[in-house]
Amino acid sequence: MAKIALIYDKFLVHGGGERIFGILLECFPDAEIYALNAYPKSYWETKFKRRIHTPFLGFIFRSRFLVLFLYPFASFLMSTLRIDADIAFVYSSTCGKYVQLNAKKRILYSNYPNRGLYETKKIVKNQFIRFLITPFVKLMRSWEVAQFRKFDKILSISETSKARLLKYCGVESEVLRCPYDKNAINNKTNKVIVESNPPFFLLVSRLEPEKDLSHVIDAFNKIDTRLKVIGVGSSLKLLQNKCKNNNIEFLGFVKDDELVIQILKSSAVIFPSDIEYSLVPIEANSLGKPVVAFDSSAAREILLDIKLDQENGTAVFYAEKNAESLLAALDYFNYCRWNKNQLIKNSIRFSPDFFKSTVSDIVSSP
């Protein structure tokens with residue numbers, strides 16, 4: 001039996017990346033797991049039913065903030081891990097790709113390239129701090145690019161990620177779109193859920209600066225329609241302080257059962273990101289719910305514009321990241337008639353069964 005190693009950046013949040021890693025683990029049920037850190041380690045090792053190997057001192061990285069601002073050290077620690085395996089499958093956007101690989105087949109499945117290095121303005125808002133770290137960022141870029149040379153095959157999670165990987169790192173890759181976790185979402189719908197009265201829209205996101213969520217709060221400050229926000233992050237207090245009335249509710253982190261209930265009760269899910277592929281819109285469609293999305297190449301990869309196809313559309317798009325543009329989309333949304341069967345059909349494109357079959361073919365190919 002082939003010895004397989006699965007490498008991930010870090011297990012610190014409950015996001016789409018962690019869902020996808022769980023599906024990868026289904027492809028390789030006997031794989032050894034490696035990461036910078038898993039916190040709390042007991043939780044993640046119980047979840048995956050095996051030990052998670054981490055480098056010496058990796059335990060100090062207990063937050064996304066520390067990984068961001070101590071990235072050179074995090075990458076150095078990962079480079080001290082030497083992995084001996086027949087097949088090494090690295091799922092990474094940051095430090096995971098720095099591991100030393102002694103493997104017959106080495107595959108990288110790349111998220112959007114490291115925004116801290118290539119789109120620093122979206123991560124570090126303070127201009128003076130950006131100025132101070134610029135020499136280190138330039139140095140890390142060259143080290144980052146060098147890591148790609150160790151892989152026999154490089155895959156990207158989306159066309160958007162593929163384009164950025166080529167633009168920033170000069171790396172060619174093939175696209176293998178991420179699957180949504182069908183078991184985590186659709187298996188929770190055994191209860192009859194009715195839409196909420198009064199209705200509300202739902203925002204599901206990590207609350208971080210690069211997600212650029214302020215305009216969503218600004219829009220709902222101008223109307224009485226309710227907004228529920230699911231997620232945690234460093235921007236939580238900032239976003240809460242922007243709220244001017246009582247129609248915006250922050251629910252924090254919720255488990256899958258509650259996430260499904262909130263999606264099913266909502267009128268639609270808001271997807272304001274412009275920088276990456278996301279599972280949230282796919283999960284919403286899989287539950288028969290439409291999406292109001294910022295018009296980006298990433299969103300158009302996974303959603304169908306109802307303005308172009310009234311029968312098969314799965315989303316309303318808005319063109320600018322401001323309250324006025326989003327409010328216009330919400331107004332248009334109220335006049336739409338959604339085909340629930342088509343919403344669900346759209347999510348089938350991201351079937352975990354197809355994903356697992358493709359990964360198996362890639363691993364078994366010469």
For the pair Lys242 and Glu174, what calculated FRET efficiency results from E = 1/(1 + (r/R0)^6), where r is the Cβ-Cβ distance and R0 = 45 Å, to the nearest 0.05? 0.65
Need one number: nm distance between label points at Lys49 and Ile261, each 7 Å from Cα along Cα→Cβ, rounded to one decimal. 2.8
Cα atoms only, the range 1-62: Rg and Dmax in Å? 11.1, 35
Give or take rounding to whole Å, what are the principal axis extents of the alpha carbon atoms in the range 132-259, in descending order? 54, 43, 21
Between Gly233, Leu12, Gln100, whose Cα lies farthest towards the positive end of the dipole of the chain when Lys and Arg beta carbons carry +1 and Asp and Glu beta carbons carry -1, centred on the Cα centre? Gln100
Using the Kirkwood formula on alpha carbons, the hydrodynamic radius of the range 182-348 in angstrom works out to 15.9
Counted neighbours (other Cβ, 10 Å), sorted fewest up, put Lys255, Lys47, Lys228 in the order Lys255, Lys47, Lys228
For the chain, what is the calculated [θ] at 222 nm in deg cm²/dmol (nearest 500), taking -39500 (n - 2.57) for each run of four or more DSSP H residues and dividing by its residue count? -11500 deg cm²/dmol
Would you order Trp44, Trp143 from fewest to most other beta-carbon atoms within 10 Å of each residue's own beta-carbon? Trp143, Trp44
How about the range 76-169: which trypsin sites (Lys or Arg not before Pro) there are in a DSSP loop, with at most 13 other Cβ atoms within 10 Å of their Cβ? Lys125
Quick check: residue separation of Lys122 and Lys356 times 0.36 nm, minus the Cα distance between them. What number comes out in nm? 80.9 nm
So for the range 1-106, using the alpha carbon gyration tensor with a ≥ b ≥ c as root eigenvalues (a/c under 1.5 gives rounded; past that, a/b versus b/c decides prolate or oblate), I'd call it oblate
Förster radius 22 Å - calculated FRET efficiency between Glu301 and Arg64, Cβ distance, rounded to 0.05: 0.30
Inter-part gap, Cα centre of the range 294-330 to Cα centre of the range 1-64, in whole angstrom, is 35
Stokes-Einstein D for the chain (25 °C, 0.890 mPa s, Kirkwood Rh from Cα pairs), in µm²/s, comes to 115
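Each reported figure results from applying straightforward, stated rules to the coordinates on display, with no laboratory input. For clarity, every value in this text was computed on a predicted model and none was experimentally measured. Quick reminder, even Gly has a Cβ in these numbers, built from the backbone with ideal geometry, and neighbours come from all protein chains shown.
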